[in-house]
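I have placed the structure first, in the form of structure tokens, so that the comments after it can refer back to it.
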Amino acid sequence: MFVYWFRYSLLMLLRNLPGKALSRRTARENQLAYVGLADQIGTAPDPEIFDSLDHDYQVLRYLLRHTGGDYRVRAFEEYLLRADYALLRAYYRAVRRAWPPGVKPALREMAAVLGCLGHIHGERLELTRARS
């Protein structure tokens with residue numbers, strides 16, 4: 001039951017987060033590549049995409065930890081997204097050699113998770129700027 005709830009919650013979160021402008025701005029201001037990587041899945045080598053997504057994830061984690069303001073803004077959503085990314089990363093590493101086509105959906109979802117995390121960072125940054 002928990003697995004169903006977890007997966008359903010993540011799918012709803014990935015589909016319903018408002019707008020992509022904050023996510024794109026976060027990517028542009030911090031020179032992150034996750035915005036364009038979803039389009040490259042299937043054309044670029046999967047290990048390069050994975051490495052780039054993983055780098056962006058580390059940067060976003062740093063940004064989310066060190067952004068001023070209220071950390072309660074979407075804290076539960078951030079936790080769910082980080083857990084999903086960790087599971088997707090483990091899935092990618094387990095499946096990449098045995099069934100290479102099976103990693104493409106995981107890479108797409110990893111890029112979507114980063115988009116959501118970028119949006120959350122953008123929201124926190126806007127709140128911090130509004131309070132200053």
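The values are calculated or read from the model by the stated rules, or taken from the named source; none is laboratory data. All figures in this text were calculated on a predicted structure; none of them were measured in a lab. Neighbour counts are summed over all protein chains in view; Cβ atoms, including those assigned to glycine, are modelled from backbone coordinates with ideal geometry.
A Cβ distance below 7 Å, combined with a sequence gap of six or more or placement on separate chains, defines the contacts here; from region 72-92, residues that are under 17 Å from LEU125 (Cα atoms) and hydroxyl-bearing (Ser, Thr, Tyr) reach no residue that is modelled with pLDDT under 95 and surrounded by 13 or more Cβ atoms within 10 Å (Cβ to Cβ). Quick one: count up the residues across region 1-41 that are free of Cβ contacts under 8 Å to residues at least 12 places away in the same chain and in contact with a Ser or Thr (Cβ under 7 Å, 6 or more places away or on another chain). Looking only at that region, the number is 0. Which of the residues that make up region 34-60 are part of a loop (DSSP other than H, G, I, E, B) and among the polar types (S, T, N, Q)? Correct list: THR43 only. In region 1-51, the residue that is nearest to the chain's Cα centre (by Cα) out of those that are among the small types (Gly, Ala, Ser) and either surrounded by fewer than 11 Cβ atoms within 10 Å (Cβ to Cβ) or modelled with pLDDT under 90 (or both) is ALA38.
In region 112-124, the count of residues that are β-branched (Val, Ile, Thr), surrounded by 12 or more Cβ atoms within 10 Å (Cβ to Cβ), outside any helix (DSSP H, G or I) and modelled with pLDDT under 95 is zero. Each residue in region 52-86 was checked for being modelled with pLDDT under 95, of a type outside the set (A, V, I, L, M, F, W, C) and surrounded by 12 or more Cβ atoms within 10 Å (Cβ to Cβ), and 8 pass.
Can we say GLN31 is among the polar types (S, T, N, Q), part of a helix (DSSP H, G or I) and closer than 28 Å to ALA130 by Cβ? So GLN31 fails the test.
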